[in-house]
Ligand SMILES: CCCCCCCCCCCCC/C=C/[C@@H](O)[C@H](COP(=O)(O)O)NC(=O)CCCCCCCCCCCCCCC
Ligand SMILES: Nc1ncnc2c1ncn2[C@@H]1O[C@H](COP(=O)(O)OP(=O)(O)O)[C@@H](O)[C@H]1O
Ligand SMILES: [Ca+2]
């Protein structure tokens, strides 16, 4: 916990009729009960409280009369002054309180004092300290059809009242069709008017938002977003995610919980969390961006199958997951990748990306130095440098996790040690194996056991990778495979309808943050810290109260 630093204000105020010493510094608001006896009293409730100024949501003036509080309202005040009643001034501080499992709630404390000037001085001093980095105007997009179709209700009932309380003005757009939010951001939105964008929906809706925002930023900065070699310009607007989708892994992996109130509070206090973004190209043609999972084989098939079952809601993934597990298709192809060099951290280590992650800071710095060098020496990342590695084989799944992909289904995620902002993605190759072994691998996503500690799994931390399905390889390969291929094409159609026949189709599709890609051969490049979220990463849970508690000073 932070030390209080130089005091800006100190007064004796009352909280529920008890006297408190209250102090404000740039970093902390502390209220400490005045006790006549210095003897420790085990049954008296906690006497000292502190709140980081950065976690104060808002402050409002109140008036207290005969113990009952009234909200600040000029007309009431005047009436009471005229009638000469005994009224004390009060102000209420709303602040973040931590609950179980990374949830945040809004708590409040009311301070009273007899002097109006003192009261107003407190209110204005606290407000002055809140000014920095907090959003004032937000552009909100709601997908009314995401998840259990509760997006609009969640926003109106749980989020909008908090924004109003914090003095945030909003422009709200309830989307009317898929890609409405993306196209509005790309072409129409007056971005200069806003301090951030809020996405109410799932990972698919978030994907729309980043496509609009990244595209718009590149056009405004004169960068060609179609070129896989160009360094993309980072987006200045932060994005807040109010989870209202089916998986919501981007929210879960960056906040630690899928809870609309917690997300709203991270937006209000103006948190900032950079995020890596992968660009996906096919033959030098831009396809999509990805921030969480790019998955071919198992996760691609689960997604394709589940799209036809949207009516089931989030349960569609479990249904299709079981079906695809039983179907057990494998796919042949070539994966080539550029290992991330000079970074700290590996996909198999025990460190986890947490709030203020030093690995993200270190590797992020390294990336910005590298990209400066890259501008001067275009060949440094290219195949000519000979650093690329190639693996050919039969795979049940090829997954690239740019973040842990933790979600309620798998609280540690697809790659538990992956980082939000280290400029890399974890490439996980699941080679063809028995159903029993694949189930062992899947089950380990839900337990403490290492899902990579199996002979048919390999995982590499990479900056760039390519995938080519077997039947898209060189012309000579193609000729050799022609006969077999045509047989497979016919069977693959039959197999789609009758998966029990046991014959594998030639192609799967890519699951790109929950959207299906139309091409199978892809070139993926990580752009370190391209966007920012209103989040701070998952907070480390406190083991015990530490001695730097300012109340102990
Ligand atoms: C046997 C239990 C196995 C549990 C394995 C769970 C692994 C879950 C990892 C999930 C990673 C999710 C990455 C995020 C993807 C999202 O971008 C994306 C879109 O999200 P949105 O709908 O919010 O827009 N979501 C998805 O693609 C959903 C993927 C969900 C996969 C669920 C797989 C369930 C597997 C069940 C196998 C059952 C075998 C049982 C045998 C007896
Ligand atoms: N008004 C709308 N009508 C239909 N589809 C929409 C609308 N707004 C957004 N979408 C699309 O809905 C899809 C799923 O959205 P998402 O919010 O991620 O929910 P889920 O997590 O349930 O998949 C996304 O592909 C998004 O582009
Ligand atoms: Ca990463």
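No lab work stands behind these numbers, since they all come straight from the coordinates. All of these numbers come straight from a predicted model, not from anything done at the bench. Positions of Cβ are backbone-derived with ideal geometry, glycine not excepted, and every protein chain shown enters the neighbour counts.
State, to one decimal in nm, how far the label point of residue 9 lies from the label point of residue 101, with both points 7 Å from Cα in the Cβ direction.
3.8
Quick check: pseudo-label points 7 Å beyond the Cα along Cα→Cβ at residue 448 and residue 114, how many nm apart are they?
In this crude spin-label approximation the distance works out to 6.0 nm.
Would you mind computing, in nm to one decimal, how far apart the modelled labels at residue 341 and residue 32 are, each placed 7 Å from Cα along Cα→Cβ?
5.6
Give the Rg (one decimal place) followed by the Dmax (whole number) of segment 248-341, computed from C-alpha coordinates and expressed in Å.
17.3, 48
So what is log10(I(q)/I(0)) for segment 178-296 at q = 0.13 1/Å, when the Debye sum runs over its Cα atoms only?
-0.52
Kindly put 209, 359 in sequence by how many other C-beta atoms sit within 10 Å of each C-beta, fewest to most.
359, 209
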